[in-house]
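Let me begin by presenting the structure, written as structure tokens, before commenting on it.
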């Protein structure tokens, strides 16, 4: 395990990081990277029958199991589903995680989302880079700034999403499916939306665009825009 390189995925709810970034995590863990999944909320209000408290307990167990399958660490932030603020407190929570885990690259939501928590996660992650990277701020862990930030493809965040980087995930996709199946949400037990079908189809489509069997597409912040290209690993 190469302790100097780490991939971090920050999702609005437990399950977001895995569904949009799990395959990329597996690709990098296989190459020797560390990995950490950061969940801004548990997404505990999404069950049609269970109370938020009941579903939160289930989601936390599912998140830890999914992280175990992916070979990643798991961090839960203290915010409630549907109530994630854009605030300095949230930004410092993410900044402190960046300082602690020292990610080489970060994956998170694109801002073009119909889900408030996703859009707010996007804003908080980008703002957190200032707090994480400035040495003048004295915190528990030293300052750190990732080499790059990427926006992962998520079916709820597709307004204005433009694929730019294509990561070949053909060799890890079966394991990715195993990881997302740790969630009852992705097993079809919570909602009727066919998550697995959408992401399996997207992986085929992006693979066709890049010349792979399966791929995940990523978008860069505006200052990093460039030509579309396939990549072996991120941050290199």
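Applying the selection to the stretch 2-24, what residues are assigned to a strand (DSSP E or B) and either at pLDDT 95 or above or buried (at least 24 other Cβ atoms within 10 Å of the Cβ) (or both)? Within the stretch 2-24, 5, 6, 7, 8, 9, 10, 11, 12, 13 meet the criteria.
Restricting attention to the stretch 53-72, the residues that are surrounded by 24 or more Cβ atoms within 10 Å (Cβ to Cβ) and either free of Cβ contacts under 8 Å to residues at least 24 places away in the same chain or part of a loop (DSSP other than H, G, I, E, B) (or both) add up to 1.
Considering the conditions (1) assigned to a loop (DSSP other than H, G, I, E, B); (2) under 19 Å from residue 74 (Cβ atoms); (3) free of Cβ contacts under 8 Å to residues at least 60 places away in the same chain, residue 135 is excluded by exactly one of them, (2). The set of residues in the stretch 78-95 that are in contact with a strand residue (DSSP E or B) (Cβ under 9 Å, 6 or more places away or on another chain) and crowded, with 18+ Cβ neighbours inside 10 Å comprises 79, 81, 84, 90, 93, 94. Quick check on residue 107: is it over 19 Å from residue 149 (Cα atoms), under 16 Å from the mean Cα position of the chain (by Cα), buried (at least 22 other Cβ atoms within 10 Å of the Cβ) and at pLDDT 95 or above? So residue 107 does not fit the description; no. Any residue at all in the stretch 38-52 that is surrounded by 21 or more Cβ atoms within 10 Å (Cβ to Cβ), in contact with a strand residue (DSSP E or B) (Cβ under 6 Å, 6 or more places away or on another chain), assigned to a helix (DSSP H, G or I) and touching a residue at least 60 places away in the same chain (Cβ under 8 Å)? No - not one qualifying residue is present in the stretch 38-52.
The values are calculated or read from the model by the stated rules, or taken from the named source; none is laboratory data. These numbers were taken from a predicted model, which means no experiment stands behind them. Backbone-built Cβ (ideal geometry, glycine too); neighbour counts: all protein chains shown.
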